[in-house]
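As structure tokens, the structure follows; a few thoughts come after it.
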Amino acid sequence: MLELRGLTRRFGDATAVDNLSLAVADGEMVAVLGRSGAGKSTLLNMINRLIDPSGGEILYGGRDIARLRGAELLAWRRQSAMIFQRFNLVGRLSVLTNVLTGRLNHPPRLPKLVGLFTDRERDIAIDALAALGMEDHALKRADQLSGGQQQRVAIARALVQEPRIMLADEPVASLDPVNAQAVMEALRRINRELGITVLCNLHSVPLAQAWCDRAIALSAGRLVYDGPVAGLDEPTLLGIYGSAAALSEAH
Amino acid sequence: MSATKPTAWRARRPELYPPRGPALWRRAALVPLGLGLFLWGLHALEVSPGQIYRGLGELGRVFMLMMPPAITEHVWQYLRAIGETLAMAFLGTLIASLLAVPLALMGARNVMPLGPVRLLVRRSSDVVRGIDSLVWAIFFVSVVGLGPFAGILAIAVNDTGVLTKLFAEAMENTDREQVKGVRATGAGRLQTIAFGIMPQALPVLLANSLYFLESNLRSATVLGVVGAGGIGFYLMDRMMISAWREVSLIVILVLVTVIGLDTLSRALRQRLIGSARG
Amino acid sequence: MHRTAPAGARAAFARAWAAQGRVRRRQWLVAAALLLVLVAAAAWLGEVDLVLLWDRLPRFGSYFGRMVPDLAWATLGEDLAHWYWKGWRWLAALWQTVLIAIYATIFGAVLAFGASFLAARNLTPAPWVGMVARRVLEVARTVPELVFAVLFVYAFGIGPLAGVLAIGLHTFGALGKLFGDAAENADPEPLRGLRATGAGWVQTMLYGATPQLAPDYLSYGLLRLEINVRAASILGFVGAGGIGQELYGAIKNFDHTDISAIALMLIGTVMLIDALCAWARGRVIGQDGLRAL
Ligand SMILES: Nc1ncnc2c1ncn2[C@@H]1O[C@H](COP(=O)(O)OP(=O)(O)O)[C@@H](O)[C@H]1O
Ligand SMILES: [Mg+2]
């Protein structure tokens, strides 16, 4: 179980995430909603520890993730994979190498510094690519792929990390509807078949309702909704998005 | 998508795996081959581990002897020599810049229509550039005698070669559309150069000159080694008599001067480039 | 928004324009005066003596005249052999010069590669590490090669090792700065992507930063190799190996035809290396490819 207690992050005077407390059971698929600037990205980045919290606790498996340092911190990042809106692949590396970078924090580590991965790790990487229908592109440069293809490579990279949690920050915001469906479906399958917990920032309410069980919503860094996606009726949504105009953008 | 044993892909997609068998050996053989080549080169350079070991020890000893830098009555002499060094770099660069403009005009493809002239200018600038300013300094010492004047001439000549090439390239890299625009107004050849090419190239030329002022200050600090003026003479002299604490003082003075000029020139360069853009 | 009277605006503009023009002109005058003072001061400090130069001008001719060897069509082979009487020895020294340049470039570039990640503000593991790295690089590139060379000849003895180390150290400083500046423009997104997987700092640099920067680094390294061949050609003056020793000897002994023979070989080599490097750089920059790794 992932549990947040009073999690807070301040940037100067502004509070991006404000005293957030909630619990996510293993194997859940949770949508994180809220208007732009509500603190969604900051929240996911804090869970992966790309951003340090200003206060509060992140509990997982009886440990406070917010206090991890050094090798333990890196090990946690490996277990909480991230997917980004802009894919964040290394454009000049091949698709396969990009996926293999998800194994950098698995032993043996030294040979990887000179680009040597074991055959078993290549097996795992190609399996992940095959699961996303990308194995035929393995030797292409990552920056030669379309956005949808790049995001699938990024998911494959996350998969080979063998994570416990997958944190997806607006994974489909840069994609066309067809690719968006494919990517959301992949995340759902990862959640169902591998039992990996998925937290997914989404800019669109229908996407959340189509793919997730539970939704949480942030407004100015505070938790304003936590419940089943079915409970996101019109008045609730107006409360989350503040105005009808903002809400219509999220449809 | 499962957490069980991964598929063995090698049989189906061998190109996604490192080679095996003879292909692997061929690739692996590159490592000792490269290493052998590297070591052979070191051997050709007469490098031995013992020499490195002894040298490092000696270096450490000299470094300790340099501390702390000695501030003696010579310091005024040194400061004057640094002023001399600055003067050498400044005048050398200035003369070179002034000489390089007409030469570059004769060497730029979009200015000089006569191929042989261009070739002559470019090749002779290559030759002049290929000879280090220290060699030119020896030559000029034998022409005008010991002292900073020889250094100025050495820097000026060597840099004329460098700047001619750079200036000519800057002129060739000017935007052709703008030049065409000027020509379309009925401007003659000279006018096209004056109003089409030069205004675009000028900031680049100035920035290059300033950059080479910095680089020439570094060259000027060593011309004294062959008697062509500047701080280099004292530096070498104090090293020869193992006055290490004065050596470190001189090195610090040089560092301060060079870094100071770099900072100044960088600020000027940024203003130049800024004014060219804005 | 209010509308100002057009006539008033025009007058104000004309006034401002004129004022600006006056400021410009004054700035130009001050700059010109400053330059003149600087030139005068530098000429005095630099002991510029144009009369002397004019008097000595004929020496140029005779100096170069004596460098021209006696070559006749009938005995061309013999004359050339006479001119290049130490040809093999010079060739060996030249080869050593090229080797010094290559090894110094490798040595300096490898160190600069590592240092650039420490020095770049966006990549450095800690701000103070970046500060220290930048200062070290600054010192390494500010001290002239020849000074390092004298020091190393003293410590390591006469020979090419001192030359390799001296040029290598200077190259470390110069390339470290260039590499670091290039690294500061690295795209942060791939780096975040890698850090998020649990990759450590070294791994993030190798897999995230290096692929982006490799073409720039290679291109700068090749440019440096050209510069280092020139630098290596004179280190022999202070006993640090290579053709410089031969050249210095010829100059000291007034062996004028030897000077021209060595200089010609040197210039040819420099041009050859320049051409090779330019070709290699064109390939690095041109195809952008660097085949997917
Ligand atoms: N690095 C940062 N520095 C300063 N302010 C930041 C930074 N990152 C985020 N913020 C601020 O924190 C708030 C939440 O940002 P973010 O988490 O990106 O929101 P969301 O992802 O929901 O759009 C915003 O007001 C944003 O301006
Ligand atoms: Mg966001």
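The values are calculated or read from the model by the stated rules, or taken from the named source; none is laboratory data. Keep in mind that this is a model prediction, so the values were computed, not measured. Backbone-built Cβ (ideal geometry, glycine too); neighbour counts: all protein chains shown. These area figures cover heavy atoms from the full protein model, side chains too; ligands, DNA and RNA do not enter into them. Shrake-Rupley method; radii C 1.70, N 1.55, O 1.52, S 1.80 Å.
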Any hit, the stretch B:155-165, residues being assigned to a helix (DSSP H, G or I) and open to solvent by 30 Å² or more (accessible area, probe 1.4 Å):
yes
Are there helices (runs of 4 or more DSSP H) fully within the stretch B:189-272 with at least 3 residues that are within 11 Å of chain C (Cβ to nearest Cβ)? List them.
B:198-223, B:232-240
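Can you name the residue in the stretch C:113-138 that is hydrophobic (A, V, I, L, M, F, W, C) and loosely packed, with under 15 Cβ neighbours inside 10 Å and is also farthest from the other protein chains (Cβ to nearest Cβ) among such residues? Show your work before the answer.
Within the stretch C:113-138, the subset hydrophobic (A, V, I, L, M, F, W, C) is C:113, C:115, C:117-120, C:123, C:126, C:128-129, C:131-133, C:136-137.
So of that shortlist, the ones also loosely packed, with under 15 Cβ neighbours inside 10 Å come out as C:126, C:128-129, C:131-132.
Working: C:Ala126: 14, C:Trp128: 18, C:Val129: 17, C:Met131: 15, C:Val132: 16 Å.
Only one residue fits best here, namely C:Trp128.
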Sort out which residues of the stretch A:29-48 are among the hydroxyl-bearing types (Ser, Thr, Tyr) and either more than 7 Å from ligand 1 (Cβ to nearest atom) or within 14 Å of another protein chain (Cβ to nearest Cβ) (or both), and write them in order of number.
A:Ser41, A:Thr42
On the given criteria, is C:Thr105 touching a Leu at 6+ places or on another chain (Cβ under 8 Å), within 21 Å of C:Ile227 (Cβ to Cβ), modelled with pLDDT of 95 or more and surrounded by 15 or more Cβ atoms within 10 Å (Cβ to Cβ)?
yes
Note on C:Pro69: of the conditions (1) open to solvent by 60 Å² or more (accessible area, probe 1.4 Å); (2) part of a loop (DSSP other than H, G, I, E, B), unmet is (1)
For the stretch A:31-44, pairs from a residue that is more than 12 Å from A:Ala220 (Cα to Cα) to a residue that is among the charged types (D, E, K, R) and assigned to a helix (DSSP H, G or I), with Cβ under 8 Å and 6 or more apart or across chains, are A:Val32/A:Lys40
Are there strands (runs of 3 or more DSSP E) fully within the stretch A:1-100 with at least 1 residues that are over 17 Å from the mean Cα position of the chain (by Cα) and within 16 Å of ligand 2 (Cβ to nearest atom)? List them.
A:2-11, A:14-24
Does the stretch A:138-159 contain any residue that is farther than 27 Å from A:Thr197 by Cβ, aliphatic (A, V, I, L, M), facing another protein chain (nearest Cβ under 7 Å) and in contact with a helix residue (DSSP H, G or I) (Cβ under 6 Å, 6 or more places away or on another chain)?
yes
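Per-residue answers, yes or no, for (1) hydrophobic (A, V, I, L, M, F, W, C); (2) in a helix (DSSP H, G or I); (3) in contact with a helix residue (DSSP H, G or I) (Cβ under 9 Å, 6 or more places away or on another chain); (4) touching a residue at least 40 places away in the same chain (Cβ under 8 Å):
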residue: C:Leu53; (1), (2), (3), (4): yes, yes, yes, no
residue: C:Phe60; (1), (2), (3), (4): yes, yes, yes, no
residue: C:Glu78; (1), (2), (3), (4): no, yes, no, no
residue: C:His82; (1), (2), (3), (4): no, yes, yes, no
residue: C:Leu94; (1), (2), (3), (4): yes, yes, yes, yes
residue: C:Leu111; (1), (2), (3), (4): yes, yes, yes, yes
residue: C:Ser116; (1), (2), (3), (4): no, yes, yes, yes
residue: C:Val129; (1), (2), (3), (4): yes, yes, yes, no
From the option list A:Glu170, A:Glu121, A:Glu185, single residue qualifying as surrounded by fewer than 22 Cβ atoms within 10 Å (Cβ to Cβ), more than 8 Å from every other protein chain (Cβ to nearest Cβ) and within 16 Å of ligand 1 (Cβ to nearest atom) is A:Glu170
